[in-house]
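For reference, the structure is listed below as structure tokens.
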């Protein structure tokens with residue numbers, strides 16, 4: 001219960017209870033399974049679910065800060081993520097402090113100006129954030145790039161797959177490598193292009209399993225798949241000593257099948273051992289017998305200079321099962337038009353297979369997102385289903 005709340009039959013006022021506690025108390029020894037955080041999932045695909053984070057997760061958090069973030073003693077680190085969601089609470093608060101490292105917070109809304117100002121004022125050289133934030137920084141162009149060029153040593157991204165266009169922009173404009181990291185509220189970060197470990201980097205892939213985890217790709221029968229075949233990303237709990245998730249608080253979970261935790265994300269194992277993201281299982285589009293991941297279509301759209309953001313869904317269609325529809329946020333200097341929509345369709349078709357381009361494009365001012373900036377494609381999909389049902393009645 002938050003401070004200032006009144007006492008009730010269901011809880012207590014935090015500050016009143018705190019005032020009644022003695023100044024001195026004996027330390028209480030807790031085992032690794034004792035919870036120290038109560039967290040909720042982000043609600044990307046539906047209602048948020050609560051879970052307890054045990055003390056054993058601290059080992060995993062510290063390992064991520066060391067190997068993936070490459071947090072060094074003399075670094076000035078800033079994680080842009082709000083501490084109200086997992087990436088912020090785990091890796092902007094808990095992870096750095098568990099490493100004995102200072103962390104930084106900015107109490108204000110995200111803007112290009114404030115981000116530029118904080119990086120410059122505090123000489124930030126190790127930055128973490130989400131693709132949503134980075135795309136907005138890129139849209140500012142030289143205004144942001146000229147102000148921070150040469151300051152950043154390492155940049156990390158999490159929350160959603162990192163579009164290749166973002167990777168190239170940071171390399172070309174800022175001279176710094178930005179690495180993609182993958183995780184979930186339930187399991188923390190488990191798949192990364194690590195800054196502090198040596199391994200090949202495949203552009204567009206989420207990277208390699210974090211030390212302490214065995215990550216596999218499963219088919220619908222929970223059999224492990226070889227490279228080149230899309231399936232569900234799963235954690236082999238029997239061979240992942242750092243995997244700490246034990247289920248939701250007061251709620252059943254279907255995420256555990258035998259020895260595996262099923263993430264619900266569709267991925268593909270590459271020949272070099274890295275794993276590439278395809279999409280949430282609910283988000284993958286079935287069109288004319290093909291399965292299309294929305295991420296590839298969105299990345300192709302974002303490469304066009306007129307596009308700031310895009311969300312792609314499958315719209316119900318009697319002939320194709322689903323047709324690909326894109327919702328596009330344009331750079332303000334480009335007005336929406338039927339001609340521009342056709343340009344974008346052809347732009348994607350030239351980069352992807354003929355069946356993977358958006359047959360419909362709708363220009364919007366903003367996209368539905370969670371408070372942490374993740375796209376909520378299911379809202380757009382439900383809107384299209386509702387429109388179709390209204391036409392059928």
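The values are calculated or read from the model by the stated rules, or taken from the named source; none is laboratory data. Here the structure is a predicted model, which is why all the values come from computation and not from measurement. Please note: Cβ atoms are built from the backbone with ideal geometry, for glycine as well, and neighbour counts cover all protein chains shown.
For the reader, a short list of remarks on this structure follows.
- Restricting 68, 48, 57, 86 to residues that are under 30 Å from residue 378 (Cβ atoms), modelled with pLDDT under 90 and either in the same structural domain as residue 178 (by TED's automatic domain parsing) or touching a strand residue (DSSP E or B) at 6+ places or on another chain (Cβ under 7 Å) (or both) narrows the list to 48.
- So residue 257, is it buried (at least 18 other Cβ atoms within 10 Å of the Cβ) and either over 19 Å from residue 162 (Cα atoms) or in contact (Cβ under 8 Å) with a residue 24 or more places away in the chain (or both): no
- Number of residues in the stretch 73-83 that are out of contact with any strand residue (DSSP E or B) (no Cβ under 8 Å at 6 or more places or on another chain) and farther than 15 Å from residue 61 by Cα equals 3.
- Residue match in the stretch 260-272 (condition: surrounded by 19 or more Cβ atoms within 10 Å (Cβ to Cβ) and in a loop (DSSP other than H, G, I, E, B)): no
- The stretch 307-316, residues that are under 13 Å from residue 385 (Cα atoms) and surrounded by 18 or more Cβ atoms within 10 Å (Cβ to Cβ): 313, 314, 315
- Flag not set for residue 266, criterion: within 24 Å of residue 204 (Cα to Cα), within 20 Å of the chain's Cα centre (by Cα) and at pLDDT 95 or above.
- Residue in the stretch 369-378 that is under 16 Å from residue 301 (Cα atoms), modelled with pLDDT of 90 or more and either surrounded by 17 or more Cβ atoms within 10 Å (Cβ to Cβ) or under 26 Å from the mean Cα position of the chain (by Cα) (or both) present: no
- Selection within the stretch 184-206 - at pLDDT below 95 and either outside the structural domain of residue 130 (by TED's automatic domain parsing) or at positive phi (or both): 204
- For the stretch 157-171, the candidate set comprises residues that are touching a helix residue (DSSP H, G or I) at 6+ places or on another chain (Cβ under 9 Å) and over 19 Å from residue 301 (Cα atoms); within that set, the residue that is modelled with the lowest pLDDT is 159.
- Among residues that are within 16 Å of residue 61 (Cα to Cα), outside the structural domain of residue 127 (by TED's automatic domain parsing) and surrounded by fewer than 21 Cβ atoms within 10 Å (Cβ to Cβ), residue 241 is included.
- Flag if residue 291 is outside the structural domain of residue 168 (by TED's automatic domain parsing), on the phi < 0 side of the Ramachandran plot and in contact with a strand residue (DSSP E or B) (Cβ under 6 Å, 6 or more places away or on another chain): no
- Just one of (1) surrounded by fewer than 22 Cβ atoms within 10 Å (Cβ to Cβ); (2) at pLDDT 90 or above; (3) under 27 Å from residue 54 (Cα atoms) fails for residue 252. It is (2).
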